[in-house]
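Student: Quick one: the structure is below, questions incoming.
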Amino acid sequence: MKRRIKNFISFIKKYYQTRSIQFNISISFTLISVIAMIFLGATLFYRFSVESQNNAIESNKQLVEQVNLNMDTYLKNMMRISNSMYYSVIKNLDLAQVKPDKEMSLLYEANKDNLVSVACFKEDGQLVGAAPVSTVKSGLNVTTQDWYIRANEKIENIQFSTPHVQNLFENSNYRYYWVVSLSRAVELIEDGNTSRGTLLVDMNFSGIEQLFSKVNAKSTGYIYLTNRNGEIIYHPRQQLLYSHIIAENNFSAAAQEDGYYEERFEGVKRSVIVRTVGYTGWKIISVIPTKDAFPNLIEMRFFAVLIIFLFIVIMSFMNLFVSKRIATPIKKLDASVKDLENEKLNLDIYIGGSYEIRHLGKTIKKVVEQMRKLMDDIVIEQEMKRKNELDILQSQINPHFLYNTLDSIVWMIESDRYEEAMAMVTALANLFRISLSKGKNIITIKDELQHVESYLSIQQVRYKDKFEVAIDISPAILECSTIKLILQPIVENAIYYAMEAMIGDGEIKINGYEKNGDIYIDVTDNGLGMPAEMVDQLLSDNAKIKRRGSGIGLRNIHQRITLYFGEEYGLSIFSEPDEGTTIQIHLPKIPYNELSNKEGKANVEK
Amino acid sequence: MWKNKPVLITLFFGLLALITLILYWSIISKPEARKSTNISVIVYGNNPERWTALKKGIEQAASDMDVNVNFLIMSKENDPAEQRATIERAIEDNAKGLLIAATDSSEMADYIKRISEEIPVVMVETTALGVAKYNYISVDNYVMGRKLGAAITKDNSKDTTICIYAPNRQRQSVEERLTGLSDKLEEDGFNLVRWEMGKSDMNEDLFIEAKLKQSYLKGSEKKIAIAALDNNSLELIVGKVENILSTNEFLETVTANPKIYGIGNTDKIVHYLDKGYIEQIVFQNEFNMGYLGMETLLNKMHKTVRRPNVDISFSIVNKETMYLPENERLLFPIVR
């Protein structure tokens, strides 16, 4: 179980970590709101229910007191009737001479709303007098009736019975009355002799019933009445009790002292108030089932749940709004940082939202700016590095070329061809002049062409006009920029690879022209040409072509062009075996002035 | 989530409006309109006093369960057509459930089966043939008949002829009581005579009078006891006997007061018992019958769990035992 809980908690944590901040804020706030509302609702509801129960109990206590007062008055009234009958009538009459019927009738008439009958019996059960005037049922022995026995058992007290059907007098209207009998032993005077008799006042049970019915209509729960032993005298559902359809905890309640207590009866929790009625020992018992203390409990619960639900809905939407307000600046900042991840350093970093987020944004922006500066520095550094590499590549030319030319001059001097040697030295001087170009990497195409011409004049001396050269350069491109010493090595390659192997006259064509805004210079020979595989290898890094001549590989020229002008420029080789080869130089068309200025500045910075 | 902003806002205000409406409704609505369930109780016979206890039980249930009850009796003792018309009227008057004591178990059977499909019906006291046991609240009439038989056989010697007057045998309850009584008397070896009106007997009063005069002719050595199996016939028998006994001319011809037994508990019957005109009565707890009948009907209407089948109890009392607390509580239900 513990492990399961741990797993669950870790699952929740992971889940939270994968969700957006807006979601987390929204869900967390909503959860807290829901818990708070439920707690608050439950507390208030509990408080309310306790308060309602207390109110119901308090109200019923007052009702019980009122019933007690009414019962007290009612019973005193009945006892007063009994006393009047005894002390004012029976005790003053000699029954041998005067019957008490008249006085009894007067008293009965005055109180007949609450009385069924008043009767007096001798010790042997013989009727002395009764009101209203009636005949005792034939064969009836009153001395066996409960009220008679009780009155004669405790002669000093007035006895109250439980409700019963009066079984005394003949009647012809089929009516039977439920009565509560108030009986007492009395002294009868007959011919001056005293004897014991029994006075019976039968109170109409409906009097008690009405008294309780009125109170029950007002009370929460119900109020009933028992005698001191717990036998029911009045109950609002008396007939159901008599029919055993329902049950009541009357014996247990009647055994309790006066006051308030709680009980559980037939699975129902109830509050019970007990109050003893004076003289009789009867018990007024108020029962408030807990559910009756809240007559609208279901409605109240429904109402409470609805209110809580309403607040939860409002809170949820407010939380959504608040979380959006909080999360949006963070999300925007996050998006900016995501752009940074994609190396978009030129984007603006979002600065907005609360103070902390603004501060964070500003800090990130500062960091980005620093990064950007660092990147620029790195780019400049790279540029410089590239330039250095270029310089190194360029420097590779000189030893090869110089060796070859000097070799030719030596050969001429050895052959006493001083004039030619001088011309070659002059041409060599021109070559070096252009090679140096005051340290510039970029020269005009015109200069580059002059450089090639100087070179060719040297080579033509060496090869004794074994090949012919045709140069056709568009005048429009003569003043455009080129990297120096790119044409000469190509021509050199053409001479070494193509012309040397030629049996007949070799031919080298140099065409310069402009196409689609770029400059193209084609060096075409009519040599042996190359197979396609060789062409493919010539410009690759792992070229293993055996080098000859000046030793400047086409790859070096290609690299120099691409390093300086970009990947889209460089050399292209078109060759067919036995047909010849064309090396095409592709350069951007940039006027020399424009590029030389820029390069001048770079040199100054350097 | 906020991509569906209009939907969310609509949902929010929709929910808010719904909750506000429910709150408003729950605040203003009052429970006074609750007492709208109308139940009609249609019983047989034209004697309202005969149904006092049943009616009290029904009224108690109506008060406990918050329903309106319309109690209807017939203008004649036994008229199935009238009872059918009364039921029709009750349904037209918007009764939501019916509690019926059938005047004729056989004649009413098809009709009650048909209306049971339209409206919840529970039978009390007397059922219609074919109605399921759980829709019928009654005592075990056969056992009650046997109990009466046992009281008669205990009180009388075997040479007593037991005359049984049971005119309302069209009612299942009476028929079952008669079977129970006859079975018990025959088992105990008593001689039975059934007073049954023939087609030539046009008047019930005259028929009873004739039967009584025949039974009590002077010089007859026969001892007889009379048993009546429902309220009306018991009241009729006692009334007639008292009438005959009070007639001087007839008094001389009578050998002895006849012993009368019966089933019933109208005020008149109880009074006759108290006066000693009836030896013993068996009576069913009709208060319970009314209360439980209503409870069963409401359970059926609301399809709620019903109280497990409760058999209605019955008691047997004589003049001496009728005032015992347990008996007087049932014989004289407390009037509210």
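Student: Average projected area of the Cα convex hull of region B:86-204, in nm²?
Tutor: With the hull built on Cα positions only, its mean projection is 9.3 nm².
Student: Still on this structure, please answer the following. Give the Debye-formula value of log10 I(q)/I(0) at each listed q (0.14, 0.17, 0.26, 0.31 Å⁻¹), with one equal scatterer per alpha carbon of region A:422-479, two decimals each.
Tutor: For the requested q values the scattering log ratios are -0.43, -0.62, -1.06, -1.19.
Student: Something else: Pop out a list of residues from region A:144-178 that are at least 40 Å² less accessible with all the protein chains around than in their chain alone; 1.4 Å probe, no ligands or nucleic acids counted.
Tutor: In region A:144-178, residues shielded by partner chains: A:VAL165, A:TYR174, A:TYR176, A:TRP178.
Student: So what is the diffusion coefficient of region A:25-165 in µm² per second by Stokes-Einstein at 4 °C and 1.567 mPa s, using a Kirkwood Rh over Cα pairs?
Tutor: Calculated translational D: 64 µm²/s.
Student: Enumerate the amide H contacts of A:ILE473 below 5 Å, restricted to partners 5 or more residues apart or on another chain; note that Pro and chain-start residues carry no placed amide H.
Tutor: A:GLY512
Student: In the protein assembly as shown, what percentage of the DSSP-assigned beta bridges are antiparallel, given to the nearest 5?
Tutor: If I count the DSSP bridges inside the protein assembly as shown, around 65 percent turn out antiparallel.
Student: How shielded is A:242-248 by partner chains, expressed as the average number of their Cβ atoms within 10 Å of its Cβ atoms?
Tutor: The mean count of partner-chain Cβ atoms within 10 Å per residue comes to 6.
Student: Ordered by residue, what ³J(HN,Hα) values in Hz, to whole numbers, does region B:260-275 give under the Karplus form 6.51 cos²θ - 1.76 cosθ + 1.60, where θ = phi - 60° and Gly and Pro are x?
Tutor: Here the 3J(HN,Hα) series is 10, 10, x, 10, x, 7, 5, 4, 5, 5, 5, 4, 4, 5, 4, 7 Hz.
Student: Could you work out the relative contact order of chain A, using alpha carbon pairs under 8 angstrom and six or more residues apart, expressed as a whole percent?
Tutor: Answer for chain A is 9 percent.
Student: Given springs between every Cα pair under 10 Å in a Gaussian network model of chain B, which of B:ILE208, B:ILE152, B:ILE58 has the largest fluctuation?
Tutor: Result for chain B, Cα springs under 10 Å: B:ILE208 fluctuates most.
Student: If amide hydrogens are placed 1.01 Å from N in the peptide plane, which non-local residues have theirs closer than 5 Å to the one on B:ASP79?
Tutor: Here B:GLY45 satisfy the definition.
Student: Over region A:270-385, calculate the relative contact order: mean separation of alpha carbon pairs under 8 Å at least 6 apart, over the residue count, as a percent.
Tutor: Dividing the mean separation by the residue count of region A:270-385 yields 13 percent.
Student: On the accessible surface of region B:140-187, probed at 1.4 Å, how many percent belong to carbon and sulfur atoms?
Tutor: Ligands and nucleic acids excluded, carbon and sulfur give 44 percent.
Student: Just the number please: accessible area per residue for chain A, 1.4 Å probe, all protein chains included, in Å².
Tutor: Per-residue accessible area for chain A comes out at 54 Å².
Student: Take the solvent-accessible surface of the protein heavy atoms, probe 1.4 Å, and return the percent of it on region B:254-301 that carbon and sulfur atoms account for.
Tutor: 35 percent
Student: Let me ask something additional. At a temperature of 4 °C and a viscosity of 1.567 mPa s, determine how fast region A:208-259 diffuses translationally according to Stokes-Einstein, using the Kirkwood radius over alpha-carbon pairs as Rh; express D in µm²/s, rounded to the nearest whole number.
Tutor: 111 µm²/s
Student: Now, a different point. Taking B:LYS5 as the anchor, which lysines have their alpha carbon closer than 20 Å to its alpha carbon, excluding any fewer than eight residues away along the same chain?
Tutor: Result set, ordered by chain and number: A:LYS324, A:LYS331, A:LYS332.
Student: Let me ask something else about it. Do any of B:LYS158/B:LYS319; B:LYS96/B:LYS133; A:LYS91/A:LYS112; A:LYS214/B:LYS319; A:LYS464/A:LYS509; A:LYS102/B:LYS268 go past 29 Å between their Cα atoms, and which?
Tutor: A:LYS214/B:LYS319; A:LYS102/B:LYS268
Student: Right, something else. Expressed as an acute angle from 0 to 90° and rounded to the nearest 10, what is the orientation of the C-alpha long axis of helix A:355-414 relative to the principal long axis of chain A?
Tutor: Tilt relative to chain A: about 20 degrees.
Student: Further question on the same structure: Using amide H atoms built 1.01 Å from N in the peptide plane, name the residues 5+ places from B:ILE164, or on other chains, whose amide H lies under 5 Å from its own.
Tutor: Residues meeting the amide H criterion: B:VAL193, B:ARG194, B:TRP195, B:ALA227.
Student: Residues of region A:303-352 losing 20 Å² or more of accessible surface, assembly versus chain alone, probe 1.4 Å, please list them.
Tutor: A:PHE303, A:LEU306, A:PHE309, A:LEU310, A:VAL313, A:ILE314, A:PHE317, A:LEU320, A:LYS324
Student: Probe radius 1.4 Å, ligands and nucleic acids ignored: give me the carbon and sulfur share of the accessible area of region A:74-161 as a rounded percent.
Tutor: 47 percent
Student: With a bin width of 10 angstrom, please list the P(r) values of chain A as percents of all Cα-Cα pairs, from the 0 bin to the one holding the largest distance.
Tutor: Percent of pairs per bin, in order: 3, 11, 12, 9, 6, 5, 5, 5, 5, 4, 4, 5, 5, 5, 5, 5, 4, 2, 1, 0, 0.
Student: Another one. Under 10 Å, Cα contacts only: if you run a Gaussian network model on chain B, which one of B:ALA81, B:ALA61, B:ALA95 comes out with the highest mean-square fluctuation?
Tutor: B:ALA81
Student: Something else: What does the helix-only formula give at 222 nm for the protein assembly as shown: each DSSP H stretch with n ≥ 4 adding -39500 (n - 2.57), the total divided by the residues, and the result rounded to the nearest 500 deg cm²/dmol?
Tutor: Theoretical 222 nm ellipticity from helices: -16500 deg cm²/dmol.
Student: Under 10 Å, Cα contacts only: if you run a Gaussian network model on chain B, which one of B:SER63, B:SER105, B:SER138 comes out with the highest mean-square fluctuation?
Tutor: Of the options given, B:SER63 has the highest mean-square fluctuation.
Student: If one takes the accessible area of chain A alone plus chain B alone and subtracts that of the pair, with a 1.4 Å probe, what total in Å², rounded to the nearest 100, results?
Tutor: It comes to approximately 3500 Å² buried between A and B.
Student: Could you go through region B:64-72 in sequence order and give the Karplus-derived ³J(HN,Hα) for each residue, using 6.51 cos²θ - 1.76 cosθ + 1.60 with θ = phi - 60°, rounded to whole Hz, and x for Gly and Pro?
Tutor: With the stated coefficients, region B:64-72 comes to 5, 9, 6, 10, 9, 10, 10, 9, 10 Hz.
Student: Project the alpha carbons of region B:57-134 onto their principal axes and report the range along each, largest first, in whole Å.
Tutor: Projected onto the principal axes, the Cα atoms of region B:57-134 cover 34, 29, 22 Å.
The values are calculated or read from the model by the stated rules, or taken from the named source; none is laboratory data. These numbers come from a predicted model, not from an experiment. Note that we place each Cβ from the backbone using ideal geometry, even for glycine, and neighbour counts take in every protein chain shown. Side chains are part of the model used for accessible areas, which takes the heavy atoms of the whole protein and leaves out ligands, DNA and RNA. Shrake-Rupley method; radii C 1.70, N 1.55, O 1.52, S 1.80 Å.
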